[in-house]
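The values are calculated or read from the model by the stated rules, or taken from the named source; none is laboratory data. Every value quoted in this text rests on a predicted model; they were computed, and no experiment measured them. Reconstructed Cβ throughout: ideal geometry from the backbone, glycine too, with neighbour counts over all protein chains shown.
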Amino acid sequence: MPGRFAVLGELFDVLLSEEPWRLSDGELDMLLEKAGRLGGRVAALRGRLIVEAQERGLAARVGAVDVASLLRDRLALASRESRRQVSLALAVGNGPCAATGEALARGEITVEHAHVIREAIEGLPRDVTDTERATAEQMLIDYAGTFDPYRLVRLAARIREQLTRVDTSPGGGDPTAASRDGQPDGPPTGGGNDNSGACDNGGAPRRSGRGDDDDRPSPDPAQVRGLTF
């Protein structure tokens, strides 16, 4: 493998020495897409190396706390980015997102799409079946060919809503009440009906959590709030 990396480096040197102005419009269009998809394949290869480093305990042997810290120190990455790389590698290598890893390795999805899918699948309710989880993952992979990562987050939230099972037994939480106050059904925690904390200075309702301004319905808001990216 080190020898092949050396060959890749030489190929990149050759490519970088060539002049793009010599390309026809069709060739330039094709190579723009190929170069963009190459990032996903590189991420898939990096992920395999991360998994191997994790399994053999490489970090401790070279004086790092963990693999994320090792990547951060070697590449001067932000801590958040190094943790994201490790989380994605483990999810597609040894975790619940094998199909995402295969799509990434084929260059069918970008790295950012893969991050969205990984967080969406790991954030599904615990009681979903393996079949439902696999179907949700494949659906997001298919959508990734059409929608940008931002829109894919919204689609992932709707899939989570559809797979969230509300407790309808006697004594179960009232999703309607939860939608009104943003909390699971239960006794009030403040005095009276003071809703002053629910509005901003202009008197408009204040949204909780992160995300875009959309009006997606929520059959179980407490569960849906758990899907953050």
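Brief remarks follow.
- GLU161 passes every criterion in (1) assigned to a helix (DSSP H, G or I); (2) at pLDDT 95 or above apart from (2).
- Just one residue in the set ASP66, ASP25 is over 27 Å from the mean Cα position of the chain (by Cα) and free of Cβ contacts under 8 Å to residues at least 60 places away in the same chain; that residue is ASP25.
- Residue in the range 124-134 that is in contact (Cβ under 8 Å) with a residue 60 or more places away in the chain and either part of a loop (DSSP other than H, G, I, E, B) or within 21 Å of LEU38 (Cβ to Cβ) (or both) present: yes
- ALA120 vs. criteria surrounded by fewer than 22 Cβ atoms within 10 Å (Cβ to Cβ), assigned to a helix (DSSP H, G or I), in contact with a helix residue (DSSP H, G or I) (Cβ under 9 Å, 6 or more places away or on another chain) and of a type outside the set (Ser, Thr, Tyr): no
- Index of the failed condition, ARG84 passing every other in (1) surrounded by 10 or more Cβ atoms within 10 Å (Cβ to Cβ); (2) closer than 30 Å to GLU137 by Cβ; (3) at pLDDT below 95: (3)
- Identity of the residue in the range 58-80, outside any helix (DSSP H, G or I) and either of a type in the set (A, V, I, L, M) or modelled with pLDDT of 95 or more (or both), that ends up surrounded by the fewest Cβ atoms within 10 Å (Cβ to Cβ): ALA76
- Residue list for the range 16-57, filter: under 24 Å from PRO2 (Cβ atoms), aliphatic (A, V, I, L, M) and surrounded by 11 or more Cβ atoms within 10 Å (Cβ to Cβ): LEU38, VAL42, ALA43, ALA44, LEU45, LEU49, ILE50, VAL51, ALA53
- Pairs meeting the criteria (first residue in the range 93-109 and without any contact (Cβ under 8 Å) to a residue 24 or more places away in the chain, second residue among the aliphatic types (A, V, I, L, M), beta carbons under 7 Å, at least 6 apart or on different chains) are ALA98/VAL92.
- Here ARG160 meets the list (1) in contact (Cβ under 8 Å) with a residue 60 or more places away in the chain; (2) under 25 Å from ALA35 (Cα atoms) almost entirely, failing just condition (2).
- Hits in the range 41-88 (condition: of a type in the set (A, V, I, L, M) and in contact with a His (Cβ under 8 Å, 6 or more places away or on another chain)): LEU88
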